[in-house]
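Enquirer: Below is the structure I would like to discuss, written out as structure tokens.
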Amino acid sequence: MIYGISLSIILAVLWAVLSGYFDHPLLLALGAASIVVTVILSFRMKIIDRETAPFLRLPTLLPFYIWLGGEIAKSNVAVLKASLKPAIDITPRLVRVPVDARSDLARCIFANAITLTPGTVTVEIEDDGFLVHALSPDFTAPEGFADMNARADIATDGRRRRT
């Protein structure tokens, strides 16, 4: 139920910001009706869950996205340096990255974070890990992937279990 309420609130705020209509009763009523219909259809399709409405996870997701932005910036600089050298020193490789995330949402965020980071792309998702394409060996450090995996797991599911 809490996910339905949070989805309704986010849709209402989004509609108000994007439409800009605050003093037309008919348009406000139509906006409210569209939100109600959307939430009812979402409940009927049984897709209201923490993945559909992850807004309650914002306190843990925002620090992860800020950290990811910094990693993307660092990776951009590394790719730029590698591509601007007179003799391009790129040795592409495929690596298997182990994944021990506890939920599908954490696995999805981890795979997307790898793909968003310049120089790496998640090529295939398997049960126990990902197949990742990297431009050079510098982008394949296992501890970097392990850190990103742990951060994605914490951002989506709270405390990480001890290993």
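The values are calculated or read from the model by the stated rules, or taken from the named source; none is laboratory data. Computed from a prediction, not measured in an experiment: that's the story for all the values here. Note: ideal-geometry Cβ built from the backbone for every residue, glycine included; neighbour counts use all protein chains shown. For the accessible areas, the whole protein counts, side chains as well, though only heavy atoms, and no ligand, DNA or RNA atoms are used. Shrake-Rupley method; radii C 1.70, N 1.55, O 1.52, S 1.80 Å.
Enquirer: Quick check for you: with a 1.4 Å probe and neighbouring chains kept, what is the accessible area per residue of the chain, in Å²? Before the final figure, lay out the partial values.
Expert: Values: 10430 Å² over 163 residues.
That works out to 64 Å² for each residue.
Enquirer: From the phi angles alone, apply the Karplus equation (6.51, -1.76, 1.60; θ = phi - 60°) to the stretch 21-29 and give each ³J(HN,Hα) in whole Hz, x where the residue is Gly or Pro.
Expert: 9, 10, 10, 10, x, 5, 5, 5, 5
Enquirer: A further question follows. Which residues in the stretch 107-131 place their backbone N less than 12 Å from a point set 7 Å from the Cα of residue 76 along the Cα-to-Cβ direction?
Expert: Zone members listed by number: 117-118.
Enquirer: Within the stretch 17-75, list the trypsin sites (Lys or Arg not before Pro) lying in a DSSP loop whose Cβ has at most 16 other Cβ atoms in a 10 Å radius.
Expert: Sparse-neighbourhood loop trypsin sites (Lys or Arg not before Pro): 46, 50.
Enquirer: Here is a further query. I need the calculated FRET efficiency for the pair residue 100 and residue 33, taking r as the beta carbon distance and R₀ as 45 Å, to the nearest 0.05. Please report the intermediate quantities before stating the final value.
Expert: Details: r = 45 Å, r/R0 = 1.00.
For residue 100 and residue 33, the calculated efficiency is 0.50.
Enquirer: Out of all Cα-Cα pairs in the stretch 65-132, roughly what percent, to the nearest whole number, are more than 18 Å apart?
Expert: Numbers: 1049 of 2278 pairs.
Summing the P(r) tail past 18 Å for the stretch 65-132 gives 46 percent.
Enquirer: Got a number for the accessible area of residue 21? Probe 1.4 Å, square angstrom, nearest 10.
Expert: The accessible area comes out at roughly 100 Å².
Enquirer: Could you tell me whether the stretch 31-93 comes out rounded, prolate or oblate from its Cα gyration tensor? Rule is a ≥ b ≥ c as square roots of the eigenvalues, rounded for a/c under 1.5, then prolate if a/b exceeds b/c, otherwise oblate. List each step's numbers first, then the result.
Expert: On the way: a/c = 3.84, a/b = 2.99, b/c = 1.29.
It is prolate, given that a/c is not under 1.5 and a/b is the larger ratio.
Enquirer: Note the direction-averaged projected area, equal to a quarter of the hull surface, for the Cα convex hull of the chain, in nm².
Expert: 12.7 nm²
Enquirer: Please find, in a Gaussian network model of the chain (springs between Cα atoms separated by less than 10 Å), the residue of 59, 98, 25 whose mean-square fluctuation is greatest.
Expert: Of 59, 98, 25, the Gaussian network model singles out 25 as fluctuating most.
Enquirer: Please report how far the C-alpha centroid of the stretch 29-80 lies from that of the stretch 123-137, rounded to the nearest whole angstrom.
Expert: Their Cα centres are 24 Å away from one another.
Enquirer: Please work out the FRET efficiency for the pair residue 112 and residue 45, using the Cβ-Cβ distance as r and a Förster radius of 30 Å; give the result to the nearest 0.05. Mind dumping the intermediate values first?
Expert: Values: r = 23 Å, r/R0 = 0.78.
The formula returns an efficiency of 0.80 here.
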